[in-house]
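Quick note: the coordinates plus some simple rules give every number you see, no bench work behind them. Bear in mind the structure is a predicted one, so any value in this text is a computation, not a measurement. Every residue, glycine among them, receives a Cβ derived from its backbone with ideal geometry; neighbour counts consider all protein chains shown.
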Amino acid sequence: MAGIGGRTANRVTELLTSATGLESSVHQAALSARVQLAEIPPEQVFPQNVSFEVTERTGVARYPSVHVYCEKVSNEMREKFRTFSGRVRMVVEIRVSHDRLEGMEEELHGYADAVTRVLDSSRGDWGNGMYYAGGYEINFGGVKKGGKNHVQTAKVEFDVEGSLK
């Protein structure tokens, strides 16, 4: 039942790229954190799990960027006579890059805040058997070599409940 993971990733991508998605929440997060954040255009939100090393080798890496992917599908069979009823573990990975370390972490925290604002405003029924009750976990990675000299990532992880006939 891996199809539910792809459909959920596409739905999260739609939420992030909508007019009320990252476009408005990045602005709000920048104001509340008192940090300058560049907009993340919809073409820099990717529904795929690909490492930053691979994107840089292909020459298409732009920062900041957001990658949306399904990490895990758990069919818990909570509803009898359903093909799938369980959880879909989603990840929204935010990547920033700078030539200097100063301000990099604050910027990453601002973008993570923007993503969680979109999730907070999207609680409830997402249609097609998907329901987001709220809640998430953010994991901040260390700075690595890459991009414009340095790359840092944050992963916003959350569960979406799913039910299919």
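Here are a few things to note about the model shown:
- With K and R counted +1 and D and E -1, the other residues having a Cβ less than 11 Å from that of Lys165 yield a net charge of 0.
- Helix 22-33 and the longest principal axis of the C-alpha atoms of the chain enclose an angle of approximately 60°.
- Only Cα sites of the chain enter the Debye sum here, all with the same form factor; the resulting log10 I(q)/I(0) across q = 0.13, 0.19, 0.21 1/Å is -0.61, -1.17, -1.36, listed in q order.
- Dipole of region 3-164 computed with +1 at Lys/Arg Cβ and -1 at Asp/Glu Cβ about the Cα centre; of His67, Gly86, Ser25, farthest Cα towards the positive end is Gly86.
- Pairwise FRET efficiency - Phe81 versus Asp125, Cβ, R0 = 22 Å, nearest 0.05: 0.60
- Nearby aspartates and glutamates by direct alpha-carbon distance to Lys148 (threshold 16 angstrom, same-chain neighbours under 8 apart not counted): Glu53, Glu56, Asp99, Glu102, Glu105, Glu107
- Nearest 10 degrees, 0 to 90: helix 3-17 Cα axis against the chain principal axis: 40
- Packing here is the average count of other Cβ atoms within 10 Å per residue, and on that basis the peptides 121-133, 21-33, highest first, run 21-33, 121-133.
- Look at where the Cα atoms of region 24-45 and of region 87-120 average out, and the two centres are 10 Å apart.
- Test item: Cα-centred dipole of the chain, Lys/Arg +1 and Asp/Glu -1 on Cβ, debye: 520
- Ordering of 88-95, 48-55 by packing [mean C-beta count within 10 Å, highest first]: 88-95, 48-55
- Trypsin sites (Lys or Arg not before Pro) within region 19-65, DSSP loop, no more than 12 other Cβ atoms inside 10 Å: Arg34
- Tilt relative to the chain, helix 104-120 - C-alpha long axis, 0 to 90 degrees, to 10: 30
- Candidate cross-link partners of Lys72 among the lysines, defined by an alpha-carbon separation under 21 Å and a same-chain spacing of 8 or more, comprise Lys155, Lys165.
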